[in-house]
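The structure under discussion appears below in the form of structure tokens.
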Amino acid sequence: MIGFARTVTVTAQLADESTVRFRGLLEDHIYAMDLEVDVHLADGVITAIGGNLKRFTTPWCRDAEPILQQAVGMSLRADGWISRVNRDLGRHGCEHLATLLVECGRCLDTVRLARAVAAGVREDPPRPAADVAACWVEAHPEAWQLTPAQGP
Amino acid sequence: MTVEFLRTKTATVEAVDGDRLEAVWRLSDDLTDAEVRLEVALPDLEITAAEATVRRFTHPGYAGAADAVVRVQGVRIGPGLRKIVTGLVAPEPGADELVEGVLEACNAVILHFTLPHIRALEGMSEEEALAANRALVELNPRMLGSCAVWQPGSPLLEALGRGGGGEP
């Protein structure tokens, strides 16, 4: 029998041509929460964020929700952004909401890659998706999380 | 409006027998389908078996990373885990997600042991809950400072007589 389970879902949709809107959902045997965050595609800057704790463990947990606003203006391309989220929004807010924001943020370049692969395969159907992906990654060094051996 | 991308992650923990747990992490999204499976020995929380399977990954750099996950065998779930796992697995190109998979599976093991404590709190009076939280933080001092509830000056730490975060 399962003793503990956690599921995390992240979706990304285009809010407009320059902004990707992530929705994150975290559900486990203890916690439940959601997050919506708008990110500027070109520079990874968070332009809007909101989150709700739905199931939590103490009467004070929801005090962490407003602390999420400190993420507005933060760039998901800045060195150390994950550490900053875990410190400023996690340790001083809710570590699980911070986890969910990191989950969304880590998808930024994967979303761009997925779009490029979908477009590449659509335009040139015989071309293998892996070939499109490799070319895209090579042309986008800012997406260092997809090539961690070359990253900071 | 349709979505451009959808990722799901799951982490589960199950008792194999009285001495072992199995933690399984799975990631599935538009580009990737990967799984990490750990066997964890009790009571030391030592990872005694580890394997990763990558069924789909569009970026070819991922292929060799799965083999690197076996290197976490022998590691104990505890302080310094991120640094240790990153050092063992991350040098392989494309290993980033699998490092997170190992860490998230280990985090699920920790939460597996937290769950009974949380359930017990639900039936307690305020006084009993304070006593249980005091026992919890004495057992696991790393709780201090882990989130706003456990920061110095928080209502809970004030109630526990640990307003400054240190010893009462």
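The values are calculated or read from the model by the stated rules, or taken from the named source; none is laboratory data. The model shown is predicted, which means the values in this text are computed figures rather than measured ones. Quick reminder, even Gly has a Cβ in these numbers, built from the backbone with ideal geometry, and neighbours come from all protein chains shown. Quick note on the areas: whole protein, heavy atoms, side chains included, nothing else; ligands and nucleic acids left out. Shrake-Rupley method; radii C 1.70, N 1.55, O 1.52, S 1.80 Å.
Select from segment A:35-45 the residues that are in contact (Cβ under 8 Å) with a residue 40 or more places away in the chain and under 19 Å from A:GLY93 (Cα atoms) and list them in ascending order. Talk me through it step by step, then tell me what you get.
To start, the set of residues in segment A:35-45 that are in contact (Cβ under 8 Å) with a residue 40 or more places away in the chain comprises A:35, A:37, A:39, A:41, A:44.
Of everything in segment A:35-45, those that are in contact (Cβ under 8 Å) with a residue 40 or more places away in the chain and under 19 Å from A:GLY93 (Cα atoms) turn out to be A:LEU35, A:VAL37.
List the strands (runs of 3 or more DSSP E) inside segment B:1-84, counting only whole elements, that have at least 2 residues being of a type in the set (Gly, Ala, Ser) and within 13 Å of another protein chain (Cβ to nearest Cβ). Spell out the reasoning first.
Numbers: elements: B:5-17, B:20-28, B:32-41, B:46-57.
Ranges flagged: B:5-17, B:20-28.
I'd like the full set of residues that are within 9 Å of chain B (Cβ to nearest Cβ) and within 15 Å of the chain's Cα centre (by Cα), limited to segment A:23-53.
A:ARG23
Condition test on B:PRO79, is it more than 16 Å from the chain's Cα centre (by Cα) and modelled with pLDDT under 95? Spell out the reasoning first.
Details: more than 16 Å from the chain's Cα centre (by Cα): no; modelled with pLDDT under 95: yes.
Considered against the rule, which asks whether it is more than 16 Å from the chain's Cα centre (by Cα) and modelled with pLDDT under 95, B:PRO79 comes out as no.
Starting from segment B:62-86, keep only residues that are open to solvent by 40 Å² or more (accessible area, probe 1.4 Å), then list their pairs with residues that are modelled with pLDDT of 90 or more and part of a loop (DSSP other than H, G, I, E, B) whose Cβ atoms are within a distance under 7 Å, requiring at least 6 positions of separation or different chains.
B:ARG76/B:ASP44; B:ARG76/B:LEU45; B:ILE84/B:VAL75
Within segment B:1-53, how many residues are among the hydrophobic types (A, V, I, L, M, F, W, C), more than 15 Å from B:CYS106 (Cβ to Cβ) and open to solvent by 20 Å² or more (accessible area, probe 1.4 Å)?
5
Can we say B:ARG162 is in contact (Cβ under 8 Å) with a residue 40 or more places away in the chain and farther than 30 Å from B:ASP29 by Cα?
Numbers: in contact (Cβ under 8 Å) with a residue 40 or more places away in the chain: no; farther than 30 Å from B:ASP29 by Cα: yes.
Answer is no for this residue.
I want to confirm something. Restricting to segment B:133-154 and keeping residues that are at pLDDT 90 or above and in a helix (DSSP H, G or I), which single residue is nearest to A:TRP60 (Cα to Cα)?
Here the residue is B:VAL149.
Mind telling me which of the residues B:GLY153, B:GLY163, B:GLY94, B:GLY123 ends up being surrounded by fewer than 16 Cβ atoms within 10 Å (Cβ to Cβ) and touching a helix residue (DSSP H, G or I) at 6+ places or on another chain (Cβ under 7 Å)? Walk me through how you get there before you give the answer.
Details: B:GLY153 fails: touching a helix residue (DSSP H, G or I) at 6+ places or on another chain (Cβ under 7 Å); B:GLY94 fails: surrounded by fewer than 16 Cβ atoms within 10 Å (Cβ to Cβ); B:GLY123 fails: touching a helix residue (DSSP H, G or I) at 6+ places or on another chain (Cβ under 7 Å).
That would be B:GLY163, the only listed residue that is surrounded by fewer than 16 Cβ atoms within 10 Å (Cβ to Cβ) and touching a helix residue (DSSP H, G or I) at 6+ places or on another chain (Cβ under 7 Å).
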